[in-house]
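Worksheet: one structure, shown below.
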Amino acid sequence: MVNTGKTTRWRLRAPRLPAVCVLALSVLAAAVAVAVTSKGLSVEELKARQATASAGERPRLCLEIAERELTFADKFYADGETEKGQAALSDVAVFCESARDNSIQSGKHLKQTEISVRQMARKLNDLKHRVTHDEQTAVQDTIDRLQKVRDDLLAAMFHKG
């Protein structure tokens with residue numbers, strides 16, 4: 001019987017396979033744990049976490065806070081609580097601007113930040129058509145601020161030079 005070397009090569013590679021699988025599973029578990037932990041936190045906890053987070057993680061946290069505040073604003077306006085709705089809209093704009101600043105500063109998550117801000121602007125446009133005429137100016141002001149955020153992000157992504 002002639003040994004072609006195939007079994008020898010397989011025997012050398014076989015011990016590496018479980019190590020690679022364990023490494024891949026641990027990386028996947030860590031990524032899922034980060035995503036799940038932020039979903040279970042309140043907005044106040046996310047704000048506290050955002051203040052101490054790394055520069056690369058801040059844009060994602062700011063966007064999550066802004067999206068939750070947008071959900072609150074929509075609910076407040078639906079319930080007729082205009083002042084709370086306007087405060088939530090202000091938070092949406094502030095955290096989108098913070099996400100923009102942190103994205104540009106770190107150079108990370110620029111595309112995802114722009115996409116999220118665009119989606120929030122669309123939701124605000126829908127909200128604008130559901131509120132009274134007097135309330136539309138606050139919503140439009142927030143839309144304008146988000147458009148400025150998008151413009152800045154696009155300029156950072158596609159800068160000339």
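Tell me, what is the FRET efficiency for D151 and T82 to the nearest 0.05, using R0 = 22 angstrom and their Cβ-Cβ distance as r?
0.20
Based on the alpha-carbon gyration tensor of the range 42-157 and its eigenvalue square roots a ≥ b ≥ c, which shape applies: rounded if a/c is under 1.5, prolate if not and a/b is larger than b/c, or oblate?
On the way: a/c = 2.73, a/b = 1.51, b/c = 1.81.
It is oblate, given that a/c is not under 1.5 and a/b is not larger than b/c.
If you place +1 on the Cβ of every Lys and Arg, -1 on the Cβ of every Asp and Glu, and leave all else neutral, what size is the dipole of the range 42-157 about its Cα centre, to the nearest 20 Debye?
With Lys and Arg at +1 and Asp and Glu at -1, about 500 debye.
Would you kindly state how much longer the chain becomes between S106 and T71 on full extension, computed as 0.36 nm times their sequence separation minus their alpha carbon distance, in nm to one decimal?
9.9 nm
Going by how many other beta carbons lie within 10 Å of each one, how would you line up I115, I104, fewest first?
I115, I104
At what distance in nm do the modelled label points of T132 and V94 sit from each other, each positioned 7 Å from its Cα along Cα→Cβ?
2.6
Every number in this text was worked out from the coordinates using simple rules, so none of it is lab data. None of these values were measured; they are calculated from a predicted model. Cβ sites come from the backbone with ideal geometry, for glycine too, and all protein chains shown count toward neighbours.
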